[in-house]
1. Once Lys and Arg get +1 and Asp and Glu get -1 on their Cβ, which of 66, 87, 77 lies farthest toward the positive end of the dipole of the stretch 63-142?
2. Given Cβ point charges of +1 (Lys, Arg) and -1 (Asp, Glu) and nothing else, what value in debye, to the nearest 20, does the dipole of the chain about its Cα centre take?
3. Accessible area per residue, 1.4 Å probe, Å², for the stretch 1-107: what's the number?
4. Using the Kyte-Doolittle scale, find the helices of the chain whose mean hydropathy is at least -0.5 and whose Cα atoms extend 18 Å or more along the helix's long axis, counting only whole DSSP H runs.
5. Kindly rank 24-32, 66-74 from highest to lowest mean number of other beta carbons found within 10 Å of each residue.
6. How large a share of the accessible area of the chain, in percent, is made up of carbon and sulfur atoms when the probe is 1.4 Å and the other protein chains stay in place?
7. Between residue 16 and residue 123, what length comes free when the chain is fully extended (0.36 nm per residue of separation minus the Cα-Cα distance, one decimal in nm)?
Amino acid sequence: MADKKNKIEVADDNAALFAHKKELAQCETDLVQAKKTITAHTITKKEVAKELKLAQKEIEKAAKIQKIYERGLREMMFIISHKIRQPIAKIMGLSLLLEDGIDNSEEVQQIVVYMKESSKLLDVFTRELTAFVHQQENIKKG
């Protein structure tokens with residue numbers, strides 16, 4: 001009888017061990033899956049970090065281009081307000097003199113010379129401005 005009791009206990013122990021072994025196998029499978037998931041998340045985080053670094057570099061590049069562009073706009077405003085307005089103001093003043101009427105043909109000739117000079121300056125400045133605008137567009141395109 002003791003022998004039968006021992007056999008039953010051994011069988012029960014074996015069944016318990018088998019169940020425990022089955023649980024351990026499931027735990028091992030779960031751990032392997034968790035490791036795969038963690039590895040995938042780690043790879044994803046590294047990829048996102050790389051993308052963020054690239055995006056940051058692009059933002060910094062865009063900020064530099066924006067500063068250059070803004071500086072260019074200020075220069076363009078200076079050209080417009082000073083270099084271009086000056087010959088325009090001269091031409092307007094000279095046209096007023098002509099409008100008032102001048103009796104002396106030498107004075108008329110001198111006014112014409114001044115107007116030509118002013119219009120040539122205006123032509124040079126507008127060409128410079130056009131070239132400058134094209135340069136700024138190329139800078140902005142990067």
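The values are calculated or read from the model by the stated rules, or taken from the named source; none is laboratory data. Computed from a predicted structure; not experimentally measured. Cβ atoms come from the backbone with ideal geometry, glycine included; neighbour counts cover every protein chain shown. In case anyone asks, the SASA skips ligands and DNA or RNA and just uses the protein heavy atoms, side chains included. Shrake-Rupley method; radii C 1.70, N 1.55, O 1.52, S 1.80 Å.
1. 66
2. On the way: 25 positive and 22 negative charges, 193 e Å.
That gives a dipole near 920 debye.
3. Working: 9550 Å² over 107 residues.
In whole numbers, the stretch 1-107 has 89 Å² accessible per residue.
4. Values: long enough: 2-78 (111 Å, -0.65); 85-100 (22 Å, 0.39); 105-141 (54 Å, -0.44).
Going by DSSP H runs, the hits are 85-100, 105-141.
5. Details: 24-32: 10.0, 66-74: 12.1.
In descending order of packing, they fall as 66-74, 24-32.
6. Values: 7350 of 12110 Å².
On the chain, the fraction of accessible area on carbon and sulfur atoms equals 61 percent.
7. Working: separation 107, 0.36 × 107 = 38.52 nm, distance 10.07 nm.
Extending this stretch completely gives an extra 28.5 nm.
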